[in-house]
Amino acid sequence: MSERRGTTGYTSIAKFLHWLILLLLIIQFITAWTMPHIGRNTPVSTLISLHFSFGVVILAIAVLRLLWRVTHPEPAPEPGMPQWQVAGAKLTHWLLYGLLLVIPILGWINASWRGMPIVMFGLPLPQLIATRAPGWQWTGDIHSFLANYVMLTLVGLHVAAALYHELIVRDDVLRRMLPGR
Ligand code: HEM
Ligand code: HEM
């Protein structure tokens, strides 16, 4: 065995769902940044509709992934990893799970508040709150803020940590999330 110590990796389902969510999030940010700015009375164009559709798919997969995660714990930390890194990784993972649920739900609430039809690839979905329900206007700003700033910052940290482990510490942290382990 090489100097990289062998540990068990994630289950194939956990890996598949992890990389699928990355792919869907790339599509989701592309639609978010290219769709027309959403204001009062903006018509739901194809790009906006795609943003809603992919967003709801992400929400559904995040729920599945969370169910998988609570029934299939993460593999034990790499041997010798400092306690602060183990705790930091755990915290980041749970915050990412939280955002994967909260961001699409806030988006769905905001689209409902705006009275926009919410359709997932042709399948009509319910309005979560009444159009212009008082007290819910903030959901759009917080949805965009959490996605553009909080999620992207955390994902940046998460990717930097994975690269640090792969290139500098040279342990198995990245490998155990890659196919074939
Ligand atoms: C994880 C899933 C999602 C991500 C990462 C995401 C990301 C974003 C981002 C980054 C923006 C801001 C675009 C800009 O910079 O101008 C945005 C706006 C918006 N998104 Fe999403 N979105 C997601 C899911 C959804 C869903 C499921 C819906 C509705 C069903 C939705 C509805 C909206 C609406 C209505 C806006 C405009 C908000 C406003 O400016 O008031 N999003 N989204
Ligand atoms: C290029 C992008 C990415 C890379 C290189 C990457 C890498 C990794 C690695 C190496 C692990 C295992 C960490 C460990 O065992 O401690 C992991 C786990 C995890 N990653 Fe990522 N990741 C990426 C993108 C994302 C994105 C976009 C999200 C969600 C927004 C995410 C959420 C998670 C979560 C929640 C875990 C915990 C394991 C689980 O429950 O499935 N990752 N990632």
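Computed values, structure above
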{"read-out": "Most to least accessible of Thr11, Thr31 (protein chains only, probe 1.4 Å)", "value": "Thr11, Thr31"}
{"read-out": "Accessible solvent surface per residue of the chain, calculated while the other protein chains remain in place, 1.4 angstrom probe, Å²", "value": "59"}
{"read-out": "Carbon/sulfur fraction of accessible area - the chain, other protein chains in place, 1.4 Å, %", "value": "72"}
{"read-out": "Distant-in-sequence amide H partners of Met120 (H built 1.01 Å from N, under 5 Å)", "value": "Leu125"}
{"read-out": "Percentage relative contact order, the chain, counting C-alpha pairs under 8 Å, at least six apart", "value": "29"}
{"read-out": "Derived scalar couplings ³J(HN,Hα) [the range 69-76; Karplus, 6.51 cos²θ - 1.76 cosθ + 1.60; whole Hz; x for Gly, Pro]", "value": "5, 6, 9, 9, x, 4, x, 4"}
{"read-out": "Simple label model, 7 Å out from Cα along Cβ direction - Leu95 to Val63, nm", "value": "2.6"}
{"read-out": "Volume of the Cα convex hull of the range 12-177, divided per residue and given in Å³", "value": "126"}
{"read-out": "Gyration tensor verdict on the range 46-139 (Cα atoms; rounded if a/c is under 1.5, prolate if a/b is larger than b/c, oblate otherwise)", "value": "prolate"}
{"read-out": "Estimated [θ] at 222 nm from DSSP helical runs (n ≥ 4, -39500 (n - 2.57)) normalised by residues in the chain, nearest 500", "value": "-19000 deg cm²/dmol"}
{"read-out": "Rg/Rg_ref, the range 116-181, where Rg_ref = 2.2 N^0.38 Å and atoms are Cα", "value": "1.82"}
{"read-out": "Net lengthening on full extension, Glu166/Thr131 (0.36 nm per residue, minus Cα-Cα)", "value": "7.7 nm"}
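The values are calculated or read from the model by the stated rules, or taken from the named source; none is laboratory data. This one's a predicted model, so the numbers in the text were calculated from it and none came from an experiment. Neighbour counts run over all protein chains shown; Cβ positions are idealised from the backbone, glycine included. SASA here: full protein model, heavy atoms, side chains in, ligands and nucleic acids out. Shrake-Rupley method; radii C 1.70, N 1.55, O 1.52, S 1.80 Å.
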